Amino acid sequence: MRVGIIGAGAVGAASLLSLVMRGRPACEIVVLDKNYARAKGVVADLQYGATLSPAVELRTGDYPDLADAVLTIVTAGVNERAGGATDRSDPAGRLKLLDANAKVYRDIVPRIVAVAPQTVILVVTDPPDPLADLARRLAGHERVLSSGTFLDTLRFRFHLARRLKVSPAFVEAQVVGEHGTSQVFLWSSARVAGVPAMAALDGHGENIDEFRSEVENDVRYANIAIIEGTGASQLGIGMATARIVEAILRDEQAVMPVGAFNPNYGTTLSLPSVLGRAGVSRILEPDMSADELQGLKRSAGRLRDALERIMV
């Protein structure tokens, strides 16, 4: 089973490493980058350690090598640091990268479709949601999704668990909407082993409003905190991408908050989605409070406006 990765930068390399370490189910991974030497170096570095994982063939290639790829992951483009999207006070957030990365996608997507018209396209480049909408229009099919708020959801669960002093494995909580500053935290349905998160907070002596604000800021600006320390936010998204890929290739019908075009909102945004071999087959809309629903609608409006800007 062949998978393509376009972009051998920090996120592309982290995604490749995570796929190899998970050990399944791709049998062949082809890495493309406009800098062929970089792609070749990443593959050369990883292939030695890959001997410790279940058999997988890693190779550097070009677009014709994507023929018969079941899935193509796109991580190419300007990152947050290079694109100046690391200011917590800037409400644009990752959307600041949209114009530059839309140009990249206008080049890449038609070249993917020309050689692999059947492939599912997974958009990881920031901002992933409007780029997935653009990719869907360029590709002319619906087998396009974004990594969306899956990583934000994992961060939400982690920070809730840490503050409540429980394992994240027992926290059920989701972030929906934009993978960006307008993302919506579904506090009304957040649970710890079935107990509402706010009820689990009782006895911790914390102000609920302050607790929520601090958790949301930890999640919303996690990427910036990471970039300030390491220069690039890459490992978490690489691991999250590998899990999405696994669900698709194994046709798991797993439910994850990833980005898919939603006709009810007129844009690609994240809601719990059923993932399988064809990408997203169904979108589930959870119960939300009135404030959460309004937040989701605002997030959708922001994403529609962003897409209209680049489609002019």
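Which pairs do you get when a residue that is farther than 14 Å from Glu178 by Cα, found in the stretch 84-98, comes within reach of a residue that is of a type in the set (A, V, I, L, M, F, W, C) and part of a helix (DSSP H, G or I), reach meaning Cβ atoms under 7 angstrom, with the pair 6+ apart or on two chains?
Cβ pairs passing all conditions: Ala85/Leu97; Thr86/Ile224; Thr86/Ile227; Arg88/Ile224.
Is it true that some residue in the stretch 62-70 is buried (at least 23 other Cβ atoms within 10 Å of the Cβ) and within 19 Å of the chain's Cα centre (by Cα)?
Looking for residues that are buried (at least 23 other Cβ atoms within 10 Å of the Cβ) and within 19 Å of the chain's Cα centre (by Cα), one finds none in the stretch 62-70, hence no.
Collect the residues in the stretch 173-205 that are charged (D, E, K, R) and surrounded by 14 or more Cβ atoms within 10 Å (Cβ to Cβ), keeping them in residue-number order.
Glu178, Arg191
Looking only at the stretch 3-60, which residues are more than 18 Å from Arg243 (Cβ to Cβ) and of a type in the set (Val, Ile, Thr)?
Scanning the stretch 3-60 gives Ile6, Val30, Val31, Val42, Val43, Thr51, Thr60.
Filter the stretch 105-139 down to residues that are part of a helix (DSSP H, G or I) and either in the same structural domain as His179 (by TED's automatic domain parsing) or among the charged types (D, E, K, R) (or both) and give me whichever is surrounded by the most Cβ atoms within 10 Å (Cβ to Cβ). Can you show your working first?
Step one: list which residues in the stretch 105-139 are part of a helix (DSSP H, G or I), which gives 105-115, 128-139.
Okay, now just the ones that are also either in the same structural domain as His179 (by TED's automatic domain parsing) or among the charged types (D, E, K, R) (or both), so 106-107, 111, 129, 133, 136-137.
On the way: Arg106: 13, Asp107: 11, Arg111: 15, Asp129: 34, Asp133: 25, Arg136: 21, Arg137: 14.
Ranking the candidates gives Asp129 first.
Yes/no matrix, rows are residues, columns are (1) more than 30 Å from Asp126 (Cβ to Cβ); (2) among the polar types (S, T, N, Q); (3) touching a residue at least 40 places away in the same chain (Cβ under 8 Å):
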residue	(1), (2), (3)
Ser147	no, yes, yes
Arg155	no, no, yes
Gln174	no, yes, yes
Val184	no, no, yes
Val192	yes, no, no
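Identify, from the list Arg155, Arg162, Arg191, Arg212, the residue that is within 23 Å of Asp129 (Cα to Cα) and among the basic types (Lys, Arg).
Arg155
Is there a residue in the stretch 167-180 that is under 19 Å from the mean Cα position of the chain (by Cα), closer than 20 Å to Asn264 by Cβ, outside the structural domain of Gly279 (by TED's automatic domain parsing) and of a type in the set (D, E, K, R)?
no
Please determine whether any residue of the stretch 157-166 is within 17 Å of Ser273 (Cβ to Cβ) and at pLDDT 95 or above. I'd like the intermediate steps shown before the answer.
The initial filter retains those residues of the stretch 157-166 that are within 17 Å of Ser273 (Cβ to Cβ), namely none.
Checking the stretch 157-166: not a single residue is within 17 Å of Ser273 (Cβ to Cβ) and at pLDDT 95 or above.
Looking at the stretch 100-140, which of its residues are of a type in the set (Phe, Trp, Tyr) and under 15 Å from Ala278 (Cα atoms)?
Across the stretch 100-140, there are no qualifying residues.
Go over the candidates Ala193, Ala240 one by one and state the one that is within 30 Å of Asn79 (Cβ to Cβ) and aliphatic (A, V, I, L, M).
Only one candidate qualifies: Ala240.
Taking the stretch 16-36 as the search range and keeping residues that are assigned to a loop (DSSP other than H, G, I, E, B) and at pLDDT below 95, which one is farthest from Leu249 (Cα to Cα)?
Gly23
Quick check on my filter: what residues within the stretch 53-72 are touching an Asp or Glu at 6+ places or on another chain (Cβ under 9 Å), among the hydrophobic types (A, V, I, L, M, F, W, C) and over 11 Å from Ile5 (Cβ atoms)?
The answer is Val56, and nothing else.
Output the residues belonging to the stretch 175-234 that are part of a helix (DSSP H, G or I), in contact with an Asp or Glu (Cβ under 9 Å, 6 or more places away or on another chain) and β-branched (Val, Ile, Thr).
Val219, Ile224, Ile227
Could you tell me which numbered condition Ile226 fails, if it satisfies all but one of (1) of a type in the set (Val, Ile, Thr); (2) more than 20 Å from Val184 (Cβ to Cβ); (3) touching a residue at least 60 places away in the same chain (Cβ under 8 Å)?
Of (1) of a type in the set (Val, Ile, Thr); (2) more than 20 Å from Val184 (Cβ to Cβ); (3) touching a residue at least 60 places away in the same chain (Cβ under 8 Å), only one is false for Ile226: (3).
Quick one: in the stretch 81-97, which of the residues that are out of contact with any Leu (no Cβ under 7 Å at 6 or more places or on another chain) and crowded, with 19+ Cβ neighbours inside 10 Å is modelled with the lowest pLDDT?
Per the stated criteria, the residue is Thr86.
The values are calculated or read from the model by the stated rules, or taken from the named source; none is laboratory data. This one's a predicted model, so the numbers in the text were calculated from it and none came from an experiment. Methodologically, a virtual Cβ is constructed for each residue, glycine included, from the backbone with ideal geometry; neighbour enumeration extends over all protein chains shown.
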